[in-house]
1. Among what's in region 165-200 and is within 19 Å of Glu118 (Cβ to Cβ), without any contact (Cβ under 8 Å) to a residue 24 or more places away in the chain and polar (S, T, N, Q), pick the residue that is surrounded by the most Cβ atoms within 10 Å (Cβ to Cβ).
2. Quick test for you: out of Val44, Val58, Val50, pick the one residue that is of a type in the set (A, V, I, L, M, F, W, C), farther than 30 Å from Ala253 by Cβ and not in a loop (DSSP other than H, G, I, E, B).
3. In region 220-278, how many are on the phi < 0 side of the Ramachandran plot and under 38 Å from the mean Cα position of the chain (by Cα)?
4. What residue, of Lys208, Lys130, Lys166, Lys226, is assigned by TED's automatic domain parsing to the domain that holds Cys30 and over 30 Å from Val31 (Cβ atoms)?
5. Does region 77-87 contain at least one residue that is touching a residue at least 24 places away in the same chain (Cβ under 8 Å), of a type in the set (A, V, I, L, M) and not in a loop (DSSP other than H, G, I, E, B)?
6. Within region 56-72, count every residue that is acidic (Asp, Glu) and either at pLDDT below 95 or touching a helix residue (DSSP H, G or I) at 6+ places or on another chain (Cβ under 8 Å) (or both).
7. Identify, please: which residue in region 1-55 is surrounded by 14 or more Cβ atoms within 10 Å (Cβ to Cβ) and among the basic types (Lys, Arg) and is, among those, farthest from Ile222 (Cα to Cα)?
8. Inspect region 171-181 for any residue being more than 27 Å from Thr46 (Cα to Cα), within 17 Å of the chain's Cα centre (by Cα) and of a type in the set (D, E, K, R) and give the result as yes or no.
Amino acid sequence: LYLKDQTKVFIVELTQLIFALQQLKKKYACVKIPGFTHHRPAMVTTLGVVFGAWKEGVVRDKMRFKQWLTLYNKSPLGAGTGYGTSFPIDRKYTAKLLGFSGAEPNILDPITNRGETETAFVFTCALMMKHFSQIAQTLILWSMPQFGYISLPDGFCTGSSIMPHKKNPDVLEVIKAKAAILYGALQSLLAINSGNFIGYNRDTQWTKYLVMDAVDESFPGIKVLKELFGALSINEHVLVKACKEDDILITCAMEKEVQQTGQSLRAVKQRVEKALKI
C-alpha cells in the first residue's frame, strides 16, 4: 500500500516534469547547439532535440511506474507465511476493500518472492535517476565557463568555503550522487531476494529500509529539475558562435557533397580527413 501511494505521487510529479521539458522543447526548437560524441564537438543539433530527448526518457519513466502499478496490484493479505490461514476470510473482498484489483492467485508466491515488488519499484526509480544523472552532467558541463552555453539559477548553486568567485552546481552534483545510491539499493535488493527458500524468510524484512530510502533519495530530484528548468537561462549568443567552431559543420558539408556528386561516402571522407591533417 505504501508503494502504491508513492507510485501515484511519482506519476503526478513526472507528468509535471514532462510538461516542463515539452515547453522548453517548443521554446528552443530552432536554437542551434553543438552536439557531442566522446566529449568532443560532433554535429550541430538544436536545443529542441536535446530537451525532447530528455522528455522521452522521463516519459518512459512514467510509463514504468504505471506498469508497476498494474503488475503488482494484487493483495497478498491472507497468505500468512506462505501457506494460508484457517480463518474463514474472503481474500477477494479484502483485496477490494484495500483498493487492489484482486487477490494474489497463489498464496506461496508473494511470500517466497517477498521483496520482488520493492526491487521492481527501486529498479524503476534507478532508471529514472540514471536519466536525471545524465541531464545533470550535461547541464554542469554546459554551464562551465569554458562552454558558457547556459547559466544556472543562483538558487541551485553554492559558493566555495574559501574561493569567493565560485558558483558551484552542487544541486546537480547531488543528483548524480543520489543516482549512485539508487544503484546500490537496487543491487542490495536483488541480493537479499536471491537466496530465498520457499515460504517466509526474515532477511526479506530488510527490503523495507532500502525501498523507503530509495523513495527519499530519488523523489526530490523530480521537483529539483522541474524548478531548475523553469529558471534556466540560455546564452544564445554563445551558441551561435559555438556552432561555427571546431570544424563542426564538416560532416554536413561532406554528406552534401556525396549527394551532389554521387561519390562514395568513403572516398569523400578519406579526402576530407587527409585535408584536415595537413
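1. Among those that are within 19 Å of Glu118 (Cβ to Cβ), without any contact (Cβ under 8 Å) to a residue 24 or more places away in the chain and polar (S, T, N, Q), it is Ser188.
2. Residue meeting the stated conditions: Val58.
3. Residues meeting the conditions: 39.
4. None of the other options fit; the residue is Lys208.
5. Scanning region 77-87 turns up no residue that is touching a residue at least 24 places away in the same chain (Cβ under 8 Å), of a type in the set (A, V, I, L, M) and not in a loop (DSSP other than H, G, I, E, B).
6. Let us first name the residues in region 56-72 that are acidic (Asp, Glu), namely 56, 61.
Pick out the ones that are also either at pLDDT below 95 or touching a helix residue (DSSP H, G or I) at 6+ places or on another chain (Cβ under 8 Å) (or both) and you get 61.
So the answer is 1.
7. By that ranking, first place goes to Lys32.
8. yes
The values are calculated or read from the model by the stated rules, or taken from the named source; none is laboratory data. Since the model is a prediction, treat every value here as computed from it, not as a measurement. Here Cβ is always computed from backbone atoms with ideal geometry, including for glycine, and neighbour counts include all displayed protein chains.
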